Amino acid sequence: MSTLFLTSEQITDLADPEEYVPAVRDGYRERGNGAPAEPRTTLFNDSPPGILTGYLAVLPDAGAMGGYTYAAGFGETDAHFALPIFDAESGAPLALIDGASMNPYKTGATGAVGVDALAPVDTDDVAVIGSGPQARGQLLATAAVRDFDRVEVYSPTREHRQAFAAEMNERLDATVAAVASSAAAVEGADVVITATNASEPVFDGDVLESGTHVTAMGQYHPKKRELDTTTIERATYVPDLRARVMQDAGSFLAAVDDGVVTEDDIHAELGEVLVGDAPGRESPEDITVFDSGGTAIETVAAGKMLYDRAVDAGVGEEVEFAPASEAMY
């Protein structure tokens, strides 16, 4: 059976960052209407240290199912993302995608969908904590759902945050400035985006003003967190997938351990908000948190969008997959 193999380089030119947003939004709407998705399964290896992890989702309306499998943390070896996409009706393998270059954009699109569902409509000021590829993906996608005037970016390395600000000033209409602390970035912000590999909270939740929305996407480990207990306690908490919260949402789990929230304080999944089964922002004074730890929902939605575009553009190499039935009996 013929399957399309797409390299990371090939998919780079198939869609701009903002074009991931509609596909990902549709994927989460499907989830809100009952499409199945499972949280990440992670296997840890001690020697050499690293992880093998993956997750799955079925999106019938998109006609696709599948999910990432990837390895990371093995010494000097880079992380590698392999994304198989299957036809949701026939089960036929449609594509095998090297997902490295799509990763910041499908994740950024998820953050943007969360911003659109939960953040104030009149967002003027955005804070970004982090200055790597994921921070770029988040900010570029967020610019597709909100018109903002100013961005303050902080990351610990001065040269990195200054380079990020210079690049984003060229790409966005907003004024982007590098600042010297996370507190300076967060103060006065309407939207706060955290995109880091930090193990401890990256800002003080007391600094958040009423009405602020926070997107946290940098951690999916039960013992690591970007948000402090104060932020979780003050916020309406919405994750990408409810089933993963008590498994790997470190910020929420720390707040549970501190006794300020319980599992019952998970407000709703993002998909439930999108389809109207749960309210998002109920008051202009609400602080909202979207915890985007990563699911196959956005991955399959983005992968199918890229596959369709590749077919239309005649991009990719066809490879053959033998039916498993030929080897089973």
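Any read-out appearing in this document is the output of simple, stated calculations on the displayed coordinates, not a laboratory observation. Model, not experiment: these values are computed from the prediction. No Cβ is skipped: glycine too gets one built from the backbone with ideal geometry, and neighbour counts run over all protein chains shown.
Between Asp204 and Glu317, the contour length at 0.36 nm per residue exceeds the Cα-Cα span by 35.8 nm. Across the chain, the convex hull enclosing all Cα atoms gives 145 Å³ per residue.
The modelled label-to-label distance between Ala180 and Asp87, using points 7 Å beyond Cα along the C-beta direction, is 6.2 nm.
Cβ-Cβ distance of Ala324 and Asp277, R₀ of 41 Å, FRET efficiency by 1/(1 + (r/R0)^6): the value works out to about 0.65.
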